[in-house]
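J.: Sending over a structure as structure tokens; questions will come in a sec.
The values are calculated or read from the model by the stated rules, or taken from the named source; none is laboratory data. This is a predicted model, so every value here is computed, not measured. Cβ: placed from backbone, ideal geometry, glycine included. Neighbour counts: every protein chain shown.
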Amino acid sequence: MWIFLNDRFVTEQNAKISVFDHGFLYGDGVYETIRSYGTRIFMRDHHLARLQRSADAIGLAIPIPQREWPRLLHDAMDRNQLGNEHTDAYLRITVSRGVGDIGLDPALCPTPTVVIMAKPLHPPAAALYQQGVSLIVAHTRRNLPSALSPHIKATNFLNNILAKREAIAARVFDALLLNWEGHITECTVSNIFFTSQGQLCTASVECGLLDGITRAILLQMAEELKIPVHEGRFTPEQLLQADECFLTNTSMEVMPVVSINGQPIGQGIPGPLTRQLHRHFIDNRHRFLEPLD
């Protein structure tokens, strides 16, 4: 694997970062995960804009000019023989505070560390879309937004990791986190939607969740299909009474959920509205790919 590190591409064996990097020491950094469909990157500019917003929010100056990112991302795909008609690419950009002495002062780190990794995208198995997946409601609560804004896509992911450990222990696909008020927010790496009496419901960003890029697309597509949408505050009890449920993120697109805490959602199978939205997404995702050269 070829990895971009700071100012050049190096082999995986030579991609080494100091133990004094504050990303390692304190989780002080931001990141984005992006995918391609063939040669074209999905929602490229939106992901890069969110990376910049996250960096701005923590006072981190990204040393790569905005105009350079598309070239670097495609270079990463080309060097690793990805992003082509055979293999979609999974791209991960990480920007840490950089190397500095031990201590919390960001001024200890004069130069941020920048990493771009590209690997083959392995989407979930087709059977999961046909059968649906199961969730649990985690005991771990979502970070309080006033303590750590969910709009910062930070490299410190411990909150989500603790919830993921609960899902692994329960042998389910993922865990749903509640906020400080007991309202639903999101899963460990995805946003959650449910339907009730023909209405599409999802937690408001004010509940303390990341406003996912695919989440925004699904809300737009619901409007195109004239499906009424309600963004608000919802309890786990309301979710358990839903007719359908699904997850969204960049790599999985639209994943049906058929049970939560061992209780079936609706009929316990992927529902018609979920399938309709996923079909509409697949049919229209070309609209959200970067322009052809």
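Residue by residue, here is whether (1) buried (at least 21 other Cβ atoms within 10 Å of the Cβ); (2) touching a His at 6+ places or on another chain (Cβ under 8 Å) holds:
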| position | (1), (2) |
| --- | --- |
| Gly83 | yes, yes |
| Gly100 | no, yes |
| Ile116 | yes, no |
| Leu121 | no, no |
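J.: May I pose another question? Hey, Ile41 hits all of (1) among the hydrophobic types (A, V, I, L, M, F, W, C); (2) part of a strand (DSSP E or B); (3) out of contact with any Phe, Trp or Tyr (no Cβ under 9 Å at 6 or more places or on another chain); (4) within 26 Å of Pro145 (Cβ to Cβ) but one; which does it fall short on?
T.: Just one mismatch for Ile41, condition (4).
J.: Here's something else I'd like to know. State whether the residues of the stretch 82-105 include one that is outside the structural domain of Thr155 (by TED's automatic domain parsing), at pLDDT 95 or above and part of a helix (DSSP H, G or I).
T.: Scanning the stretch 82-105 turns up no residue that is outside the structural domain of Thr155 (by TED's automatic domain parsing), at pLDDT 95 or above and part of a helix (DSSP H, G or I).
J.: Same structure, new question: Taking the condition farther than 22 Å from Pro150 by Cα and at pLDDT 95 or above, does Leu108 pass? Don't jump to the end; show me each part of the working.
T.: Numbers: farther than 22 Å from Pro150 by Cα: yes; at pLDDT 95 or above: yes.
So Leu108 fits the description; yes.
J.: Now for a different question. Taking Arg50 as the residue in question, decide whether it is in a helix (DSSP H, G or I), of a type in the set (D, E, K, R) and within 14 Å of the chain's Cα centre (by Cα). Walk me through how you get there before you give the answer.
T.: Values: in a helix (DSSP H, G or I): yes; of a type in the set (D, E, K, R): yes; within 14 Å of the chain's Cα centre (by Cα): yes.
Spelling it out, Arg50 is indeed in a helix (DSSP H, G or I), of a type in the set (D, E, K, R) and within 14 Å of the chain's Cα centre (by Cα).
J.: May I ask you to list the residues in the stretch 64-78 that are in contact (Cβ under 8 Å) with a residue 40 or more places away in the chain, assigned to a helix (DSSP H, G or I) and not small (Gly, Ala, Ser)? Write out each step before concluding.
T.: Keep residues of the stretch 64-78 that are in contact (Cβ under 8 Å) with a residue 40 or more places away in the chain, which gives 64, 70, 72-73, 75-77.
Within this subset, residues satisfying the condition of being assigned to a helix (DSSP H, G or I) are 70, 72-73, 75-77.
Of everything in the stretch 64-78, those that are in contact (Cβ under 8 Å) with a residue 40 or more places away in the chain, assigned to a helix (DSSP H, G or I) and not small (Gly, Ala, Ser) turn out to be Pro70, Leu72, Leu73, Asp75, Met77.
J.: Moving on. Based on what the data block shows, is Glu206 acidic (Asp, Glu) and either under 19 Å from the mean Cα position of the chain (by Cα) or within 23 Å of Asp56 (Cα to Cα) (or both)?
T.: So Glu206 fits the description; yes.
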